[in-house]
Protein chains: 4
Amino acid sequence: MAGKKGQLLNLSPNNKRAIQGENKKRLILQVATEVFAAKGFNEATISQIAKKANIAEGSIYDYFKNKEDLLFSIPEERMDNFLSGLQEHLEGIKGPLSKLRKLIWYHLNFYEKNKDYVLILLQNIQQNPRFNSTRAYQLIREFSKRVVQIIEEGKKEGVLRTDIDSRLLRDAILGAIEHITIRGSILGRLPTLTAEAEALYDVFVSGIQPQIPGERS
Amino acid sequence: MAGKKGQLLNLSPNNKRAIQGENKKRLILQVATEVFAAKGFNEATISQIAKKANIAEGSIYDYFKNKEDLLFSIPEERMDNFLSGLQEHLEGIKGPLSKLRKLIWYHLNFYEKNKDYVLILLQNIQQNPRFNSTRAYQLIREFSKRVVQIIEEGKKEGVLRTDIDSRLLRDAILGAIEHITIRGSILGRLPTLTAEAEALYDVFVSGIQPQIPGERS
Amino acid sequence: MAGKKGQLLNLSPNNKRAIQGENKKRLILQVATEVFAAKGFNEATISQIAKKANIAEGSIYDYFKNKEDLLFSIPEERMDNFLSGLQEHLEGIKGPLSKLRKLIWYHLNFYEKNKDYVLILLQNIQQNPRFNSTRAYQLIREFSKRVVQIIEEGKKEGVLRTDIDSRLLRDAILGAIEHITIRGSILGRLPTLTAEAEALYDVFVSGIQPQIPGERS
Amino acid sequence: MAGKKGQLLNLSPNNKRAIQGENKKRLILQVATEVFAAKGFNEATISQIAKKANIAEGSIYDYFKNKEDLLFSIPEERMDNFLSGLQEHLEGIKGPLSKLRKLIWYHLNFYEKNKDYVLILLQNIQQNPRFNSTRAYQLIREFSKRVVQIIEEGKKEGVLRTDIDSRLLRDAILGAIEHITIRGSILGRLPTLTAEAEALYDVFVSGIQPQIPGERS
DNA sequence: TATGAATGAGAGTTCATTCAT
DNA sequence: AATGAATGAACTCTCATTCAT
C-alpha cells in the first residue's frame with residue numbers, strides 16, 4: 001500500500017527466477033504504468049519497459065498478449081480497488097449529500113494516490129475505442145451509474161433539485177474532478193488535491209453566489 | 001501520368017498562386033483536423049491526409065515542418081477565432097454573472113461547432129508537453145486567465161462568494177464543460193450541447209440544493 | 001531473354017531513381033526468385049533481397065503487400081509466359097501424340113531455363129495452402145486440364161489406350177517431369193534436361209518392355 | 001499449482017523410466033510428425049508439439065538436439081521400416097517386372113499408410129540441404145539404387161528395353177508415385193491410392209498406346 | 001512549388017533454446 | 001529426467017521525412 005518502488009523484498013540469490021507468476025505480472029504492470037504515464041502510450045516502447053523492469057522484452061509477452069493488452073490491463077485491478085474502496089467508504093453514510101461529499105473526496109483522494117494511473121486512464125485509455133469492450137470499461141460505467149444513483153436518491157429525498165438533469169450533473173461533477181486532477185498532474189502542482197474536495201463539494205452544493213446570511217446550515 | 005487534374009482555373013497567375021498558398025495550407029489543416037479526429041494523431045498517417053486533400057505527401061512539408069508541427073498548427077487559427085469571438089460576445093454585457101453565463105454558452109457553442117478540433121485538442125494536443133512552448137498554448141492560458149478575471153470581478157462586485165478559490169472554480173467550470181463535450185463527442189450523443197449551457201450555468205450559480213421559494217430571481 | 005544479371009543498362013547518373021515502376025518491380029521479383037531459390041522462403045529475409053537488389057527494405061513494400069505476396073507474385077508472369085509459350089509451340093501440331101511429345105519437351109525445356117523459379121514453385125509455393133486462392137494457381141490448374149484434354153483427344157482418336165485413367169496418366173507424366181527436374185536442380189546435374197525429353201516421351205508411349213521388332217513406327 | 005497430473009502409475013520405478021525413455025522419444029516423433037504435416041515445419045512450433053504431447057517444451061531437448069534434428073529424426077525409423085518391409089515383400093518374387101510391380105504397389109501402399117510422414121519428407125525434409133548428411137538420406141539413396149538395380153536386372157534378363165537410361169526410368173517411376181501421392185494428400189482425395197498401383201505399373205510396362213491384340217502376355 | 005518514389009530507423013512480436021529448480 | 005519461465009536475437013513491416021525531378 002504505502003510501498004513505492006522497492007517491492008523486491010526477500011529474494012533468493014538469483015533474483016531473475018525469484019519474482020514469479022502474479023508478482024511478475026504486477027511488476028510489469030507497475031513499470032508499464034510509470035513509463036506510459038511519463039512518455040505516453042505511443043512514445044513508450046516495450047523495450048523501455050522491459051529494461052526498467054529488468055526483464056527480457058519477450059517476457060512481457062508471457063503475461064500480456066500485446067502492447068495494447070498491457071495498456072488495457074492497467075485499469076483492471078485499479079478499478080476493482082477503486083470501486084470496492086468506494087463501497088467501503090460510503091458504507092454507513094446516511095443521506096445523499098453526505099454520500100456525494102464523500103464520493104468527491106474519495107475520488108480526488110484516489111486520483112491523488114494514483115497519479116500515473118489517472119494520467120494514462122484519461123489520456124491514453126479512455127479515448128481508445130477498443131477500450132469499450134473491456135471489463136474495466138464496464139466498471140467505469142458502473143461507477144458512473146452509481147453517481148447518477150446517488151443524485152437521484154437526493155432528488156427523491158428532497159435534498160437535491162429535481163430540475164437538474166442527473167446525467168448533466170454527474171458529468172459536471174466528474175468533469176470538474178478530472179480537470180482539477182489533470183491540471184494538477186500535468187502542471188505538477190497538486191500538493192493538496194484532497195484538500196480541494198470540500199471546496200469543490202461546496203461549490204456544487206451551495207452554488208457560487210454569496211450566501212444570504214442565516215439561510216442554510 | 002499525362003493528364004493532371006484541372007485545378008488551374010482562370011486566375012491571373014501570380015494572384016492565383018498567392019491565394020493558393022494560403023488556401024492550400026488551410027485545406028491541409030482542415031483535412032488533417034478531420035483525419036486526426038477520426039483516427040487519433042498516432043494512427044493517422046501523412047499519406048492519408050495527403051490523399052484526402054488530393055495533394056502529394058511532400059507538399060505537406062512545404063507548409064509544415066513535420067507531423068507534430070501540423071498538429072500544433074491546428075489550434076492556432078481556431079484559438080484566435082475562439083478568443084476574438086468570445087471578446088465580441090462579451091462586449092456590452094454587464095455584470096460578471098451575465099458574463100459567466102455567456103462564457104459557458106459560448107464555450108459549449110464553440111465546441112459544438114468544432115467537434116473535430118475539440119477532440120484533437122483534448123486528446124492529442126494538450127497532453128503533449130511540447131505543446132506548452134506553442135503560441136496556441138499561450139492563447140489557452142490567456143483564456144484561462146480571462147475566466148479567472150471574470151470570477152474575481154464577481155467577487156469584487158459582491159455577486160460571487162469570496163471564499164471560493166478562483167482557480168478551483170475555473171477548473172470546475174471548464175472541466176464540466178469539457179467532460180460534457182467529450183462524453184457527447186465520443187458517445188455520439190450531443191444533439192443539443194448548447195442547450196445544456198443554461199442548465200450548467202444554473203448548477204454553478206445556484207447550487208444543487210432545492211431553492212427556498214421566493215428567495216432568488 | 002538471354003541476359004543474365006546485368007539488366008541495368010543505360011542509366012542516368014543517379015541510378016537510384018532511374019529504375020522505375022514496372023522495371024523495379026521486375027528487378028525485385030528477379031532478385032527475390034534468386035534468393036528464395038538459394039535459401040528457401042523461410043530462411044530468406046527481406047533485408048537480404050533488398051541488399052542484393054540495391055534498394056531499401058521499405059521499397060519492397062511499395063510493390064508487394066508483404067513477403068508472402070512477393071512469393072506468390074513470382075509465378076504470375078512466369079505462368080503467363082509458360083502457358084502462352086505452350087500454346088504457340090502446340091500450334092500447328094497435329095495428333096495428340098505429337099502434342100504430348102511437344103508438351104513434355106516444352107515443359108522440361110521451360111524448367112531448364114527457369115530453374116530458380118521451378119525450385120520455388122515446387123518447394124515453397126505449391127505446398128502453401130494460401131496459394132490456392134491465387135490467379136497463378138488457376139493457371140496451373142488450367143495447364144493441368146490442358147494435359148488431360150490432350151490425353152482424351154488421344155483416346156478419342158484411338159492413339160491412346162482408353163483403359164487408362166486420364167488423370168492418373170497426367171499425374172504420372174507431370175510427376176516424372178518434376179522429379180527429373182528437381183533431382184537435376186538439387187543435385188546440380190542437369191546439363192541436358194531437354195535432352196531427356198525424347199527418352200521420357202518414349203518411355204510413356206512405348207512402355208518399358210523391349211519392342212517386338214517391326215511392330216510400331 | 002499443487003496437483004500435477006497423475007502420470008505415475010504403478011510401475012516399478014526403474015522399469016518405468018527405462019521404458020518411458022524410448023517411448024517418450026517415439027511419442028514426440030509421432031506428435032511432431034502430425035504437427036509438422038499439418039502446419040509445415042516453419043509454422044509449427046516446439047511449444048505446440050510439447051502441448052500436444054503433454055510434455056514440457058524443455059523435454060524435447062532431452063531427446064533431440066534442436067528443432068531440425070527433430071525433423072530429421074522423423075525419417076530415421078520410417079526409412080528402416082520402409083526398406084526392411086520392401087525387402088520382405090520382394091522376397092521370393094521372381095522376375096524384375098514382378099519386382100517392379102510389387103515395388104510400385106509397396107511404395108504407394110506405404111505412402112498411403114504414412115501420409116503425414118510423406119508430406120513432411122517431400123515438402124520439408126528433402127529440400128533441406130543439410131538433410132544430405134543424414135543417415136536417413138543414405139537410406140533413401142539406397143532405395144533409389146535398389147530401383148536402378150531391379151531395372152538393370154530387367155535389362156540383363158531381356159525383359160526391359162536396354163535403350164532407356166536406368167536413372168531416367170527410375171526418376172520417372174518415383175516421380176509419378178510421388179506426384180500421385182502428393183496430389184492425393186493435398187487435394188484430400190486419395191481414397192484408393194494403392195488401387196492405382198496396378199494402373200501405374202501398366203502404364204510404364206505397356207506404354208500408353210493401344211495394345212495390338214494378342215501381342216503380349 | 002509540387003511531386004511521390006525512395007529511404008531506413010525503429011517498432012512490436014515470435015519462438016527456439018537454455019537452465020535453475 | 002523433467003520442467004517451463006525466461007531469454008534475446010532476429011524478423012517483418014510501417015511511415016515520417018527527404019530530394020531529384
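For every residue, the table says whether it meets (1) within 15 Å of C:R78 (Cβ to Cβ); (2) more than 8 Å from chain D (Cβ to nearest Cβ); (3) surrounded by fewer than 21 Cβ atoms within 10 Å (Cβ to Cβ); (4) at pLDDT below 90.
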position	(1), (2), (3), (4)
C:T134	yes, yes, yes, no
C:L160	no, no, no, no
C:L168	no, no, yes, no
C:I212	no, no, yes, yes
C:E215	no, no, yes, yes
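Of all residues in segment A:115-152, count the ones that are part of a loop (DSSP other than H, G, I, E, B) and closer than 20 Å to A:N81 by Cβ.
Let us first name the residues in segment A:115-152 that are part of a loop (DSSP other than H, G, I, E, B), namely A:126-128, A:134.
Those still in the list that are closer than 20 Å to A:N81 by Cβ too: A:126, A:134.
Of the residues in segment A:115-152, 2 are part of a loop (DSSP other than H, G, I, E, B) and closer than 20 Å to A:N81 by Cβ.
Does at least one position in segment A:136-154 carry a residue that is facing chain B (nearest Cβ under 9 Å) and over 19 Å from the mean Cα position of the chain (by Cα)? Steps first, please.
Residues of segment A:136-154 that are facing chain B (nearest Cβ under 9 Å), as a first pass: A:151, A:154.
Then drop every residue that is not over 19 Å from the mean Cα position of the chain (by Cα), which leaves A:151, A:154.
Yes: one or more hits.
Given the criterion touching a residue at least 40 places away in the same chain (Cβ under 8 Å) and either within 13 Å of another protein chain (Cβ to nearest Cβ) or within 16 Å of DNA strand F (Cβ to nearest atom) (or both), identify the matching residue among D:E68, D:E57. Steps first, answer last, please.
On the way: D:E57 fails: touching a residue at least 40 places away in the same chain (Cβ under 8 Å).
Criteria check complete, one pass: D:E68.
Restricting the search to segment A:27-54, which residues are surrounded by fewer than 17 Cβ atoms within 10 Å (Cβ to Cβ) and within 12 Å of DNA strand F (Cβ to nearest atom)?
Result: A:N42, A:T45, A:S47, A:K51, A:N54.
Could we say that D:E77 is more than 15 Å from DNA strand E (Cβ to nearest atom), modelled with pLDDT under 95 and under 23 Å from D:S133 (Cβ atoms) here? Give the derivation first.
On the way: more than 15 Å from DNA strand E (Cβ to nearest atom): yes; modelled with pLDDT under 95: yes; under 23 Å from D:S133 (Cβ atoms): yes.
For D:E77, the condition - more than 15 Å from DNA strand E (Cβ to nearest atom), modelled with pLDDT under 95 and under 23 Å from D:S133 (Cβ atoms) - is met.
State yes or no: is A:L103 within 14 Å of another protein chain (Cβ to nearest Cβ), within 12 Å of the chain's Cα centre (by Cα) and away from DNA strand E (no atom under 16 Å from the Cβ)? Explain how you work it out, then say what you get.
On the way: within 14 Å of another protein chain (Cβ to nearest Cβ): yes; within 12 Å of the chain's Cα centre (by Cα): no; away from DNA strand E (no atom under 16 Å from the Cβ): yes.
Against the criterion (within 14 Å of another protein chain (Cβ to nearest Cβ), within 12 Å of the chain's Cα centre (by Cα) and away from DNA strand E (no atom under 16 Å from the Cβ)), A:L103 does not qualify.
Tell me which of these D:D163 doesn't satisfy, since it passes every other one: (1) farther than 23 Å from D:L86 by Cα; (2) part of a helix (DSSP H, G or I).
Of the numbered conditions (1) farther than 23 Å from D:L86 by Cα; (2) part of a helix (DSSP H, G or I), the odd one out for D:D163 is (2).
Which pairs have Cβ atoms under 8 Å, sit 6 or more apart or on different chains, and link a residue in segment A:194-217 that is farther than 14 Å from A:S98 by Cα to one that is modelled with pLDDT under 80 and surrounded by 13 or more Cβ atoms within 10 Å (Cβ to Cβ)?
Short answer, once both residue conditions are applied: none.
If you scan segment D:79-96, which residues turn out to be surrounded by fewer than 20 Cβ atoms within 10 Å (Cβ to Cβ) and either among the aliphatic types (A, V, I, L, M) or in contact with a Ser or Thr (Cβ under 9 Å, 6 or more places away or on another chain) (or both)?
From segment D:79-96, those surrounded by fewer than 20 Cβ atoms within 10 Å (Cβ to Cβ) are D:80-81, D:83-95; that's our starting set.
Result: D:L83, D:L86, D:L90, D:I93.
Looking at A:A176, A:A199, can you tell me which residue is touching a Leu at 6+ places or on another chain (Cβ under 9 Å), among the small types (G, A, S) and at pLDDT 95 or above?
Details: A:A199 fails: at pLDDT 95 or above.
So the residue among A:A176, A:A199 that is touching a Leu at 6+ places or on another chain (Cβ under 9 Å), among the small types (G, A, S) and at pLDDT 95 or above is A:A176.
The values are calculated or read from the model by the stated rules, or taken from the named source; none is laboratory data. What you see is a predicted model, and the numbers here were worked out from it, not measured in a lab. Note that we place each Cβ from the backbone using ideal geometry, even for glycine, and neighbour counts take in every protein chain shown.
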